[in-house]
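This report refers to the structure that appears directly beneath it.
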Amino acid sequence: DDSQLPSNSLAMSNPEKTLLQSNSNDSTTNISHLLFAILGSEGAWHHRKGYGEAWWRPNVTRGHLYLDTAPEGDLLPWSSASPPYRVSENIEKLIKEIAPAVPHIIRLVHTILEAFKEGDKEGFRWLVMGDDDTVFFVDNLVDVLAKYDHTDYY
């Protein structure tokens, strides 16, 4: 329910309720329960897409690569072996208003909010954040997360 998600805020009003509603079954955690939010830049993806394509499993893994600008040049047409991309919301005004010591952290936090607003949360238990140069060992990640109660905060 996107009405619970403020459009211009870094906080969600009731994340526990949202997660519990979409994760009420008792099955063992599997890859379909993970939602990946990868923070990247268009300029770097030209050289880093091999990292993402090394672990991304088309039609199996779920999530998005959040780019700072739309892809251009040799990135088009977009590779089906890459995570699908979204262009991140422009947060320059927010960064100027709060003047954080590390602006990259504000973009990371805002990307988490964007991932929650995206939809496709059916069966979603874990939001997995990473940078565009992160390589995930997806099966190992699933095995580790399956040991935890996805309804608790960690």
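Exactly one residue out of LEU113, LEU108, LEU127, LEU141 is of a type outside the set (Asp, Glu), part of a strand (DSSP E or B) and either closer than 12 Å to LEU35 by Cβ or touching a Leu at 6+ places or on another chain (Cβ under 8 Å) (or both), and it is LEU127.
In the list LEU67, LEU94, LEU75, which residue meets the criterion of being surrounded by 15 or more Cβ atoms within 10 Å (Cβ to Cβ) and under 22 Å from TRP126 (Cα atoms)?
Values: LEU94 fails: under 22 Å from TRP126 (Cα atoms); LEU75 fails: under 22 Å from TRP126 (Cα atoms).
Going through LEU67, LEU94, LEU75 in turn, the sole match is LEU67.
Residue check: is PRO84 within 23 Å of HIS47 (Cβ to Cβ) and crowded, with 16+ Cβ neighbours inside 10 Å? No: the conditions fail for PRO84.
Looking only at segment 42-63, residues that are closer than 15 Å to GLU114 by Cβ and open to solvent by 30 Å² or more (accessible area, probe 1.4 Å) come to 1 in all.
Across segment 119-148, the qualifying residues are those that are open to solvent by 70 Å² or more (accessible area, probe 1.4 Å) and at pLDDT below 95, and the one among them that is nearest to TRP56 (Cα to Cα) is ASP120. No other residue among VAL87, VAL102, VAL109 is at pLDDT 95 or above and not small (Gly, Ala, Ser) apart from VAL87.
The values are calculated or read from the model by the stated rules, or taken from the named source; none is laboratory data. Here the structure is a predicted model, which is why all the values come from computation and not from measurement. Positions of Cβ are generated from backbone atoms using ideal geometry, with glycine treated the same way; all protein chains shown enter the neighbour counts. Keep in mind that these areas ignore ligands, DNA and RNA; they rest on the heavy atoms of the full protein, side chains included. Shrake-Rupley method; radii C 1.70, N 1.55, O 1.52, S 1.80 Å.
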